[in-house]
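Please read the structure below before turning to the comments.
The numbers here are math on the coordinates, done by the rules we state, and not lab data. Predicted model, so just to flag it, every value in this text is computed and none were measured. All Cβ positions, even for glycine, are placed from backbone atoms using ideal geometry, and neighbour counts span all protein chains on display.
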Amino acid sequence: MSDKAVAESVRSDSTSSPEVSIVVPVFNEEATLRHLASELFRVLADESFELILVNDGSKDRTGDILVELAQTHPEVVVVELARNFGQHPAVLAGFSVMRGKYVVTLDADLQNPPEEIPRLLEQLRGGHDVVGSVRENRQDPWMRKQVSSLVNTVTTASMGVGMRDYGCMLRGYSREVAEEIVELAEQAAFIPALAMMLASNPVEIEVRHYERESGESKYSPLRLMRLGFDLITGFSLLPIQMVSLAGLLIAIAGGALSALLFARRIILGPESEGLFTLFAILFAFMGVLLLSVGLVGEYVGRIYAEVRRRPIYRIREVISQSVESDDGDGPP
């Protein structure tokens, strides 16, 4: 069954639509799930809400705890994915079944406290269609913060979108923007960037950030760099344009150097003292050439992935007291 059919089934089987949908991607978070749920129920006690917990192929007891929460609390909707697809595809799966007028995404590790959610909802109710967040006094390892800062800087320069923190998952969206994100999702979907492209009245606020209570981050520095590279090449042609410009400048410099060396040979005769300088220049040229080939390959690979039209995620089961279980594929 397609993702649209799954979404329609979930919404038609539900007795009433809540005003707020909280979407949480979950991967091996058995240590924090119950605490997260209790905090969300406390913070949202005065709201009409649903809590969509997307199990992204967890290997620990996360699945059992999610089923227990769904059986105990009518607000909980559990979306079981067929395997681990990644954080952003898991959020898209949650978007595909959400029913709220406002949608808030949140990580399961409690580094961003649920107490910040009312501030996001206040901005959404005030007319903003996308509410971004900036982690204040970020409590992460030094290396991760530096890599994240580099990714944010390069991404902002590439996309021309004024966001200060692309990595914070605590964000708010209007229902219209969330539905458009699902419709436009690509193979390398990055939800905050897609949302900023679709938003007509976005805003960004500072939120608190705590140390991780248990477990470890799923993003290593290398994976963060890879995510940043995916983001930059997925939303902008600036990298390949910069390489083209560098190639043009190097070609001009190489031609000028060749003319100079030819003139020196005519005037001074054969020389061997500049051999190592020529090797250094050659290695620099080879580095730019390899970078160019890599970037071209990245863009070609993205084209290939989009042409195949394989699902970004696959929903195996939806579990809720008010929703009949079903399964389906993600957007093509």
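Values computed for the structure shown
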item	result
Where a label projected 7 Å from the Cα of residue 200 along Cα→Cβ would reach, residues of segment 99-121 with amide N under 18 Å	101-103
Packing-based exposure ordering (other Cβ within 10 Å, fewest first) of 200, 133, 17	200, 17, 133
Extended-chain gain in nm, criterion 0.36 nm per residue less alpha-carbon gap, residue 291 and residue 101	63.9 nm
Where trypsin sites (Lys or Arg not before Pro) fall in DSSP loop in segment 75-105, at most 12 other Cβ within 10 Å	83
Gain in span if fully extended, residue 265 to residue 125, counting 0.36 nm per residue against the direct Cα distance	42.9 nm
Ranking of 181, 267, 22 by count of other Cβ atoms within 10 Å, fewest first	267, 181, 22
Amide proton proximity set for residue 76, modelled H, under 5 Å, gap of 5+	51
Nearest-0.05 FRET efficiency for residue 244 and residue 83, computed from C-beta distance (R0 41 Å)	0.60
Order of 107, 64, 46 under a 10 Å beta carbon neighbour criterion, fewest first	46, 64, 107
